[in-house]
Amino acid sequence: MRFHFPLYSSSSFSLVSNFTFISSLPLIFSSSHFSTFISMAPAFEPVSPPHQEAEPQTATPHHTDTVNNFGNDGQVVGSKSKVTVVGSGNWGSVAAKLIASNTLKLNSFHDEVRMWVFEETLQTGEKLTDVINKTNENVKYLPGIKLGKNVIADPDLDNAVKDANMLVFVTPHQFMEGICKRLVGKVRGDVEAISLIKGMEVKMEGPCMISNLISEQLGINCSVLMGANIANEIAVEKFSEATVGFRDNREIAEQWVKLFSTPYFMVTPVQDVEGVELCGTLKNVVAIAAGFVDGLDMGNNTKAAIMRIGLREMRAFSKLLFSSVRDSTFFESCGVADVITTCLGGRNRKVAEAFARNGGKRSFDDLEAEMLQGQKLQGVSTAREVYEVLSHRGWLELFPLFATVHEICVGRLPPSAIVEYSEKKPRLSLLEDPACYQ
């Protein structure tokens with residue numbers, strides 16, 4: 001079911017009484033509180049090793065739909081899972097590469113990995129899918145990286161998903177509602193999905209996470225994978241971590257861990273879909289703020305302060321929307337690690353820096369088209385969506401960093417306001433007295 005948050009209901013603030021923790025947010029990383037907070041970070045949850053199953057005895061691809069294989073534990077492995085990656089941008093191509101390297105090794109998966117490609121015509125006149133299938137390389141979004149010969153690009157969405165029972169969604173979040181509508185009635189009933197998408201939809205009834213959009217429209221379970229994952233670094237096999245957020249079924253979570261894990265890509269499961277997904281979504285707003293700081297040459301101290309304040313607001317916003325969100329999730333790769341890496345690198349920081357250096361006189365749309373070669377920003381649209389929620393709920397004063405990022409993006413404030421906003425101290429004391437909202 002969708003989690004509904006009435007945007008206009010005055011009673012919506014009754015939930016505030018459950019969040020007295022926010023009064024201590026400004027001190028979250030102060031020396032007197034840090035040791036207590038970090039103690040909440042869990043040890044890695046035990047999962048099966050990523051390559052537990054027996055490798056095939058020959059290099060012959062697995063072609064049959066249903067076969068009996070024996071794993072290392074001697075148990076019969078039934079029908080093999082077929083994987084389709086819905087999306088083929090920079091991160092989607094890297095995801096396909098990771099998955100394809102594992103389906104060749106794991107008996108419970110078909111070798112072939114389908115990758116749906118939004119068809120484009122290259123400057124050479126060739127179709128992008130044809131070039132990918134001919135060269136085994138996404139020459140537009142991940143040039144120079146071989147994806148694996150078992151990755152098959154397919155421009156037909158229906159055909160790409162028709163036999164799959166494991167779907168990996170990795171497209172810009174603003175396209176997901178349309179994609180889901182196209183897939184209604186087209187996916188198998190036993191499908192498990194995972195979203196690598198960082199963003200959310202805001203509707204009149206409230207914010208809707210992408211994983212929930214997928215689950216509701218397609219009637220399937222959807223986990224999430226987020227983390228400190230700059231795609232180009234993973235593509236060249238530099239060590240990285242990620243977090244799988246799951247709801248109830250740990251066995252499914254372990255399947256996703258196996259499918260993505262490699263010696264250079266370590267994946268940890270956490271039973272907190274909303275927390276993991278919101279971390280991945282909100283960090284892009286913080287990255288925009290960090291880019292403004294870089295564009296104004298404000299230095300590392302200022303940038304560190306913005307990152308700390310941003311993480312504080314991420315945690316507060318997440319807990320206000322979902323009481324189930326775990327504090328410990330913010331110490332996983334999807335939390336503090338993703339904030340750090342996205343604020344140091346990544347497209348959101350890069351384009352926001354250019355925006356600030358131009359004094360806010362060039363639009364993000366123009367800069368995106370010039371700098372990203374067809375890739376899409378997430379931080380600007382996410383900042384707008386977050387601002388809508390804050391505005392309708394009367395929370396703008398509680399989240400000055402999030403609010404200021406949006407107002408700079410739309411030209412209401414100059415880039416320098418990213419630090420000037422600090423004069424507007426968050427009125428966190430309002431949340432200490434629920435009577436204020438009654």
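For the range 81-271, with all protein chains in place and a probe radius of 1.4 Å, 50% of the accessible heavy-atom surface sits on carbon or sulfur. Carbon-plus-sulfur accessible fraction, the range 290-411 (probe radius 1.4 Å, protein heavy atoms only): 45%. Would you mind calculating the gained length between Asn136 and Gln217 on full extension (0.36 nm times residue separation, minus the Cα-Cα distance), in nm to one decimal? In short, 25.9 nm is gained. Sorting the segments 257-265, 401-409 by their mean number of nearby beta carbons within 10 angstrom, highest to lowest, gives 401-409, 257-265. Could you tell me how far the Cα centroid of the range 290-368 sits from the Cα centroid of the range 111-134, in Å? Computed from Cα coordinates, the inter-centre distance equals 33 Å.
When you restrict to C-alpha pairs under 8 Å that are six or more residues apart and normalise by the size of the range 81-271, the relative contact order lands at 20 percent. Label-to-label distance, Lys361 versus Lys376, with points set 7 angstrom from Cα along the beta-carbon direction: 3.0 nm. Rounded to the nearest whole Hz, the Karplus-based 3J(HN,Hα) values (6.51 cos²θ - 1.76 cosθ + 1.60, θ = phi - 60°) of the range 81-95 follow the sequence 7, 10, 10, 10, 9, 9, x, 8, x, 4, 6, x, 5, 5, 4, with x at glycine and proline.
With r defined as the distance between the Cβ atoms of Phe175 and Gln123 and R0 fixed at 25 Å, what FRET efficiency is calculated, to the nearest 0.05? Walk me through the numbers before you get to the answer.
Values: r = 24 Å, r/R0 = 0.94.
Efficiency, rounded to the nearest 0.05: 0.60.
Overall, the anisotropy analysis places the range 125-180 in the prolate class: the square-rooted eigenvalues a ≥ b ≥ c of its C-alpha gyration tensor yield a/c not less than 1.5, with a/b exceeding b/c. When both bridge partners sit in the range 81-271, DSSP labels roughly 25% of those beta bridges antiparallel.
Structural descriptor for the range 277-430: relative contact order 30 percent, calculated from alpha carbon pairs under 8 angstrom and at least 6 residues apart.
Determine, for each peptide in 81-88, 139-146, the mean count of other beta carbons within 10 angstrom over its residues, then list the peptides with the highest first. All intermediate terms of the calculation are to be shown ahead of the outcome.
Numbers: 81-88: 25.4, 139-146: 17.2.
In descending order of packing, they fall as 81-88, 139-146.
Please compare each pair in Lys162/Lys203; Lys162/Lys258; Lys82/Lys149; Lys82/Lys134; Lys127/Lys198 to a cut-off of 26 Å on the Cα-Cα distance and tell me which ones are over it. Checking Cα-Cα distances, Lys162/Lys203; Lys127/Lys198 exceed 26 Å.
Determine the per residue accessible area of the range 81-271 with all protein chains present and a 1.4 angstrom probe, expressed in square angstrom.
Numbers: 6780 Å² over 191 residues.
About 36 Å² of surface per residue is accessible.
The relative contact order of the range 176-266 comes to 23 percent, based on Cα pairs under 8 Å that sit 6 or more residues apart.
The values are calculated or read from the model by the stated rules, or taken from the named source; none is laboratory data. What you see is a predicted model; the values in this text were computed from it and never measured. Using ideal geometry, Cβ is built from the backbone for each residue, glycine included, and neighbour counts are taken over all protein chains shown. Ligands, DNA and RNA are stripped out before the accessible areas are found, and what is left, the full protein with its side chains, is counted by its heavy atoms. Shrake-Rupley method; radii C 1.70, N 1.55, O 1.52, S 1.80 Å.
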